[in-house]
Amino acid sequence: MEFRRRNFIKFAVGGLGGTLLSPLPWKLIDDIAIWTQNWPWVSVPARGRFSTTNTVCTLCPGACGIEVGKVGSRAVKIEGRDDYPVNWGGICPLGMAGLQILYNEGIRWKAPMKGIGPRGSKEWKEISWAEAIHELATRIKRLRDRGEPEKLAAIDGNQSRSTMAVLIKRLLDAVGSPNYLSMPTQEDTHAMATFLMQGTKGPVAFDLENSDFVLSFGCGLLDGWGAPGRMLGVWREWAKDSSRNRAYLVQIEPRASNTASKADQWLAPLPGTEAALALGIAHVIIKEELYKKEFIEDHTFGFTNWFGANGVEHEGFSGIVLEKYAPQRVEDITGIKTSVIIEVARQFALARAPIALAGRGKGMLPGSLYEFMAVHALNALVGRVNKEGGVLVTNDIPLAQWSDLAYDPVAIGGLKKERVDRAGTPRYPFTKSLIHKFTEAIHESPRSPVDTLLICSANPAYTIPDSQRFIEAMAKVPCIVSFSPFMDETSLMADLILPDHTHLEKMVDIVWPTGIQYPLYALSRPVVGPLYRTRHSGDVIISLAKRIGGPVAGSFQWTCFEEALKERVRGLYDSGKGKTSYSESEPVWRGLATEVRLSSAYSSFKSMWEDLKENGCWYMPSHAFGKWSDAFQTPSKKFEFFSTNIEGALKAHSKGKSFDDALLHLGISSKGDEVYLPHYEEIRSRADEREYPLVLIPIELINLASGWIANSPFLQKTLFDHQLKRDDLFVEVNPKTASKYGLEEGSKVALRSPQGELKVRVHLFDGAMPDVIFIPFGLGHTAYDRYLRGRGVNPNEIIDQIEDPLGGHPVWWNTRVKMIKI
C-alpha cells in the first residue's frame, strides 16, 4: 500500500478505534487509578464506622475550629466547624488539605535519628528516645559544667503566647541561656507599635466585623491574613449587607491581589511609601479639623507643641504633619494623586466606625515600625482606639503563671550575658529577637558563640531572607537539634532529630488567635494516634529537663505536657469568666459590650477542663468599649503620638556619642522631634539602582503555604499554569516592563540580586506595578519529597536583609534586582 497522507490518517483512526474497542486502555486507566489511590498521602477510607472529632487547626496562628471525619481510626476529611466562634464554618485551603500533612510518609521523620555522616549527607541512624534525650541532656550539662550555659540557643516558631513557646523559653532560662529566639512575624511589629503608642503588651485586636470603613495598608484580608477562616466569614458578612452601612474597603498595595481586586477602591503607592501615604491622609484630617477633638485633647500626648521639664519646646505631631506631609508632596513620594488622598481622608474621617490596618500579605513577616505607627496614628486621629469597630486595647488572657524558676549561680551568670542577636540592647531596644543578627554574629565570629541550637516548629533555612547566609552560619554551629516532624531544609542540616507529632496527633494551644477582637484560648486535641515513633515536643522538653537534673529538673515538676498546659488553664477557671461553647445563631462580635460570667454548669475545674477539651475553646465575648481613662500604660498614661519610650531609648543609645551619630547608627535619617513621632523613613536598598533597576516583592497566596509547613501535593494542583508549570515558577511582570526587556508571556529570565540568582518565567499581568517584579513565596524547596522538591524557586535566596530603622527586623519588599532574558 502506498504510504500517503490519506492512508496514514485511515491507519491512525483505525488504530485508535481498535485500541479503544480493546480492553487495553481501560485496563491501564483502572491500574493508574488504583496506583494513585495507593499514594501514602491520599486519604483511603478503611472499613469501619464513620465518626467525627472536633478539634482546632494549628497550622497557622488563626486557630480555626475543624471537624475531622474518620472511618475507623483513619481520618478521611477535614471541614470547618459551624459551632466555633473564630471561623463560622470557614476553612482555608491549607487547613482543608491537612490530611496530606499527616499521611504523607515521604515528608515525615518516623523516629529519633542521629546523623552518622558529614552534615547534610542524609546519612542517618535510627536511635531510641532514651538515647536521643540522654545525648542532648549530656551535651547541655557539659555546657553548664563549663560555666557556658549561654551557648545553648533555641529558634522557636510556636505562637508567642502558647504553652509550647513558654515551655521552651523556660528550659533556656532554667539552663541559664538568654538566647531564646522566636521566628519573626508581623505581630512583632504590631507589639512594638502598640507598646510605644499605648504602653500595652496585650495582643493586637481588630474589631473588623463592626467597622464600616476599612483602610488596609497591604493586609491580604482575602489572601490568608489573620485567621483565614474568620476573614472569609467577615467578607461574607460585608458582601451580603446591601445597605448603605456596608463596610467600604480601601486596599493599599502595589499589586492587584485578590483583596485589592475585590476592594471598593484600590490604591497602588510606590513600594515602601505607605507611611508617607498614611501621613498624607493624616494631614487632610488635621487641616480640615476632622479629628475627634475629645479624644485628642483629653487622652493623647504630643499632638500639639509642648514644653518639657527643662523648658524646651517640642514639636507636636500635628505641626510636623502639616509642615511635611501635604497631599501634593505625598503625591511626589507615593505616586497617589492629591485628589485621591483628600477624598480617602475625608471618607475615612467621616465614616461611622473606620479602622486602619498595617501590614502586608498574610502577616507572616515583620513590617516597618514607623509605618505601623503612622497607620495606627490614623486610628487615634478619628478616635477609633478602644471603640466598637476600631483597634482595641487588650490585656493578656488570665492564664495561671507557673511557679518561679529556681536559678542556680550558673544560670544567673549565663542570663547576665548579652544575647547573641543583641535584641533588647540600646541598639535594638524594643525588639525581642533578631534571627538575622543571630546569623550575622555566628557568621562573623572566628568560633561560633552557639554550641547547641534547638530548632522547634521552624524552618529558617527556607523561610528567612538571604537564607543561604543562615545555612552558611549553621555550618559553624557544632550541634543542631531539630524537633521538626518533617524532612524540611533545616532538619536535614541537623545532627539530631527528635521528631514531634503533627497537628492532628497532639494537644497544643493557641493563645488569642491573630487579630481576634476578644480573648480566646484555643485548644487542639489528637484525632488519631501517632502514626510513627514520634513524641510530643512538650513531653520531650520536660523529659530533657529532668535528665539534665539539678535546679533545671526542679523547674519542670510535671510528668507530661498536658499536665503543664492544664496548670495554666486553671487560671481561666479561677477568673470566673468566659464560655467554652458557642451557638452559631449569634455571632460573637454582636454582643461584645456585654459582661460574661463563667457558665454555672461547671461544678469544678475538672468539668470545665473536659468541656474545654471537647469544644476546643474558652472565650470571653465582651469588651469595655470607649474606656480611655486607664487604658493606656505609657509614661504619660495617654495615647502617645510623641513616644516617650523612644525618647528614653535614644538618650540611652547616644551616651558616649553625638545624638546625630546615634541616629545614624540606628538607621534613622530624620532629625529633631520627628524621630519620636510617626514619620516616613525611606528604606533604601544597598544595591546600586542603576545596576539593579527593578524592585522584587514577594507575595503570599492563600492556596500556597509560605511558612515552616510546606505545601501539600493537592494544593500544588490548585496553582494555575501561569503560576507554576512543571518545575518553572512564574513571576508577575507588567506588560510595559516586559516590553522594555523584549519579553512575552512565558519568557524565561534570570532575576539577579547581589545575594544570588533565580531562573523563572514571566507572566504578563496588568495588575503588577511597572518596574516591580512580584514573586510567590512557598515554592523552591530543596527538601521534602518529589512532589515538593525542585518545584519552582525560593525568593528568600536572593532577598536582601535591609534593616528597618529602630525596629531592627529586615524589610523584605525593597530588594533590587536586574532581569536578564535567557
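The values are calculated or read from the model by the stated rules, or taken from the named source; none is laboratory data. The shown structure was predicted, so the numbers you read here are calculated from the model rather than taken from an experiment. For neighbour counting, all protein chains shown are included, and Cβ atoms are generated from backbone atoms with ideal geometry for every residue, glycine included. We work out accessible area using only protein heavy atoms, side chains counted, and drop any ligands, DNA or RNA first. Shrake-Rupley method; radii C 1.70, N 1.55, O 1.52, S 1.80 Å.
Go through the residues of the range 597-612 one by one and say whether even a single one is open to solvent by 10 Å² or more (accessible area, probe 1.4 Å) and in contact (Cβ under 8 Å) with a residue 40 or more places away in the chain. Checked against the condition, which is being open to solvent by 10 Å² or more (accessible area, probe 1.4 Å) and in contact (Cβ under 8 Å) with a residue 40 or more places away in the chain, the range 597-612 yields no hits at all.
May I ask you to say which residue of 466, 488 is at positive phi and crowded, with 21+ Cβ neighbours inside 10 Å? None of the other options fit; the residue is 466.
Scanning the range 466-474 finds no residues that are in a loop (DSSP other than H, G, I, E, B) and among the aliphatic types (A, V, I, L, M).
Listed by position, the strands (runs of 3 or more DSSP E) contained in the range 207-314 that have at least 2 residues being touching a residue at least 60 places away in the same chain (Cβ under 8 Å) and over 25 Å from residue 518 (Cα atoms) are 265-267. Consider residue 711 carefully, then state whether it is touching a residue at least 40 places away in the same chain (Cβ under 8 Å), open to solvent by less than 20 Å² (accessible area, probe 1.4 Å) and in a loop (DSSP other than H, G, I, E, B). Against the criterion (touching a residue at least 40 places away in the same chain (Cβ under 8 Å), open to solvent by less than 20 Å² (accessible area, probe 1.4 Å) and in a loop (DSSP other than H, G, I, E, B)), residue 711 qualifies. Here is the figure for the range 639-691: residues that are β-branched (Val, Ile, Thr) and open to solvent by less than 20 Å² (accessible area, probe 1.4 Å) total 3.
Scanning the range 385-412 for residues that are in a loop (DSSP other than H, G, I, E, B) and without any contact (Cβ under 8 Å) to a residue 40 or more places away in the chain yields a single hit, 404.
Residue 396 - would you say it is touching a Cys at 6+ places or on another chain (Cβ under 8 Å) and more than 30 Å from residue 104 (Cα to Cα)? It is false that residue 396 is touching a Cys at 6+ places or on another chain (Cβ under 8 Å) and more than 30 Å from residue 104 (Cα to Cα). Here is the figure for the range 722-778: residues that are open to solvent by 30 Å² or more (accessible area, probe 1.4 Å) and either outside any strand (DSSP E or B) or assigned by TED's automatic domain parsing to the domain that holds residue 255 (or both) total 18.
In the range 520-539, the count of residues that are open to solvent by 10 Å² or more (accessible area, probe 1.4 Å) and at pLDDT below 95 is zero. If the condition is being outside any strand (DSSP E or B), under 24 Å from residue 304 (Cβ atoms) and of a type in the set (A, V, I, L, M, F, W, C), then the range 619-655 contributes 628, 631, 632, 641, 642, 646, 649, 650. Among residues that are open to solvent by less than 30 Å² (accessible area, probe 1.4 Å) and not assigned by TED's automatic domain parsing to the domain that holds residue 553, residue 127 is not included. Among the conditions (1) part of a loop (DSSP other than H, G, I, E, B); (2) open to solvent by 30 Å² or more (accessible area, probe 1.4 Å); (3) free of Cβ contacts under 8 Å to residues at least 40 places away in the same chain, residue 440 misses just one, which is (1).
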